[in-house]
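Heads up: the structure comes next, in structure tokens.
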Amino acid sequence: MINLIKADFYKINRSAIYRVLFIISAICAITTTVVSHNVYSGNMDTATAASTAMLTDVVILNLINCVLAGQLICGDFENKLIQSALTGTSGRFTLVCSKMAVYTALIGIMSVPYALCAIICPALCSGYCAPFSASAYLKMLFDSTTADFSMNMILKYTAISVIMVLVYAAQSGFVFLMGFIIKNKPLIVTALGFVINTIIGMGSSLIAGNSAADKVLEWTPYGLDIYSMGNDTGTFTLIKVSLICIVFIALFTGLSYAAFRNAEIK
Amino acid sequence: MGGTIVKTEGITKKYGRATVLNNVSITLERGRIYGLIGVNGAGKTTLMRQILGLSVPTSGDIEIFGKRGGQISDERSRIGCLIEAPGLVLNLTAKQNLHLHRIMHGIAGGDIEDRLLETVGLSNTGKKKAKNFSLGMKQRLGVAIALLTNPELVILDEPINGLDPIGVVEIRELIKRLCHEHGMTILISSHNLPELYQCATDYIIIDRGEIKQEISLEELEEKCRHYLLIETDDREKLATVLESELGTTNFKVMPDGSVQLYDLTDERDRVADVLFENGVRTKGFSLMGETLENYFISAIGGGSGNNAK
């Protein structure tokens, strides 16, 4: 499995698309942070800021994660690298697990700009607001306004940033699964994944407030509370969210293997 | 040398109602070059994909290097392959593609990349990316990737597709060298029968998902051999004239009394004249034998047996 992961990163290091995605993530993270600071300072009104709502992590990282699944899984079906891996030493389960490991790592890399902005910017310049709900990184920036900047806060924000990687990986688990079902059509996986992710996000917002639905969502990576993790979030909640996400990641890895186990590989 | 490395027993592969492979049983022995011959859609690639684990048979069993069932996937690391198109990342160079596959298969030692590029004639491609390669260059790189793990069995699906005549000769010589010098077993499919004829030691003829014939090169040569069929009542006199007047002993008297003369097939008029001048009365005199193509067509049930010319 290590060989497959190394091979994936060798390929990724030499591919322009992953660099472009990282740059997009960085631009959006910086823009969101700047907007947040300017709204707080009164240099920008909320209506103007609303036009940049599409640049928050919840939208951009979901989109990037769908593109990643398309490239990482379907791209390898297209260029027949998966065939090469299977006819080498790797079994199908090993291959699916290695892809999930690389996928989660890539989500982590793409999240770095948002995490860095949330952790570093409070030290550089104080005063942020969260003009858009459902953004964990903005919530962290907002919390920094009312709390003293300390090592504890840095550690907590780092922990939340790592957990958010698990959250996004768990949320994108079905896109990963779709990659192994649809195989060599990256565009379809990306588009379908983003649309379904958006619908799930909207759906979870719509049913929020219904106590029964809230109780169900609380045990999934789609619960809105996940985006409100911040300085006041307790360790128990952090561990609970992490475990839920890990279970979902494992579940989608298992489902992907089940779909791929006897699949034809063209 | 010797020993079975792949054995398929009654493999059937169905896609919905279509049966693509029907009860296919073949055995591949170590150190031989097998030519898999069949028309488009005959099931060549499907058979190769079953052996490689890229597709799962509907029924039947596969044994690879003596292992079956769940143990097969480990044994597949001893197989190199090029199925349809090679697994290439188009924005990488030839050497980077080999490096990628070397990492993937956990092979130590970087010098193997240069050696393989030299072997397949791509050592001078430098920084040229695979997306700018011709089809033939991609095929060569695919062959190099197939050889990266120093496999005991190499499965090549139409490897000479898109190659120029020089490339075809080079790949053919490479295949022979791999078999003779390194003891590799090769399973190669191709539509190009004359090309297969120049390198394969055994032939597997497949049609509509069924194995029609497994035949060695020696048997095929025997079947495709051209000869003059001479029918006469005076076999002893004929034999004497052939030896004394035409200077050949390369003939065979068949059980039905006819004589098959394997020499002088291009000098039919001279043979006929000499027999006439020496008083050998013939009842039949004709050039017999198959072309490769005709033999193949007859094997798949699309033609008749021996064709008189």
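We did not get these values from a lab; they are worked out from the coordinates using the rules stated. Since this is a predicted model, take the numbers as computed values, not measurements. Note: ideal-geometry Cβ built from the backbone for every residue, glycine included; neighbour counts use all protein chains shown.
Just how many % of Cα pairs in the range B:4-105 lie over 15 Å apart, if you round to the nearest whole percent? Within the range B:4-105, distances greater than 15 Å cover 68 percent of Cα pairs. With angles folded into 0 to 90 degrees, how steeply does helix A:136-146 sit against the dominant principal axis of chain A? Use alpha carbons for both and round to 10. The answer is roughly 20 degrees. With only Cα atoms counted, the range A:2-260 has Rg and Dmax values of 18.7, 61 Å.
Count charges around A:Tyr103 for me, please; just the other residues with Cβ under 14 Å from its Cβ, Lys/Arg as +1, Asp/Glu as -1. Numbers along the way, then the final one.
Details: positive: A:Lys11, A:Lys99; negative: A:Asp8, A:Asp76.
Once positives and negatives cancel, what remains is 0.
To the nearest ten degrees, helix A:173-182 and the longest principal axis of the Cα atoms of chain A are 30 degrees apart.
Proximity of backbone amide H atoms, modeled 1.01 Å from N, is registered between B:Gln213 and B:Ile205 at under 5 Å, excluding neighbours fewer than 5 places apart on the same chain.
Helices in chain B, meaning DSSP H runs of at least 4 residues, each add -39500 (n - 2.57). Divided by all residues, the mean residue ellipticity at 222 nm is -9500 deg cm²/dmol.
Quick check: convex hull over the Cα atoms of the range B:4-221, volume per residue in Å³, rounded to an integer? Don't jump to the answer; show the numbers that get you there.
Working: hull volume 26.8 nm³, N = 218.
Per residue, the Cα convex hull of the range B:4-221 comes to 123 Å³.
Relative to the longest principal axis of the Cα atoms of chain B, the long axis of helix B:135-147 lies at roughly 80 degrees. Ellipticity at 222 nm from helices only: DSSP H runs of n ≥ 4 in chain A, each -39500 (n - 2.57), divided by the residue count, give -24000 deg cm²/dmol. Taken along its principal axes, the alpha carbon cloud of the range B:226-288 reaches lengths of 25, 23, 19 Å, longest axis first. Coupling constants for the range B:98-106 follow from the phi torsions by the Karplus curve (6.51 cos²θ - 1.76 cosθ + 1.60, θ = phi - 60°), and in residue order they are 5, 4, 4, 5, 5, 4, 4, 9, x Hz; glycine and proline get x. Taking B:Ser244, B:Ser123, B:Ser25 in turn, the Gaussian network model of chain B (Cα-Cα springs below 10 Å) assigns the largest fluctuation to B:Ser244.
Please go through the range B:28-96 and write out the trypsin sites (Lys or Arg not before Pro) that DSSP classes as loop and that have at most 13 other C-beta atoms within 10 Å. Show your work: numbers first, answer last.
Values: sites: B:Arg30, B:Arg32, B:Lys44, B:Arg49, B:Lys67, B:Arg68, B:Arg76, B:Arg78, B:Lys95; in loops: B:Arg30, B:Arg32, B:Arg68.
Passing both the DSSP loop test and the Cβ count: B:Arg68.
Evaluate Rg over Rh across the protein assembly as shown, taking Cα atoms for both radii and Kirkwood's formula for Rh.
Working: Rg = 33.6 Å, Rh = 28.3 Å.
Answer for the protein assembly as shown: 1.19.
Normalising the Debye intensity of the range B:82-135 to I(0), with uniform scatterers on Cα atoms only, and taking log10 at q = 0.17, 0.19, 0.32 Å⁻¹ returns -0.52, -0.65, -1.40. Reported to the nearest whole Å, the Cα centre-to-centre distance from the range A:174-248 to the range B:59-84 is 40.
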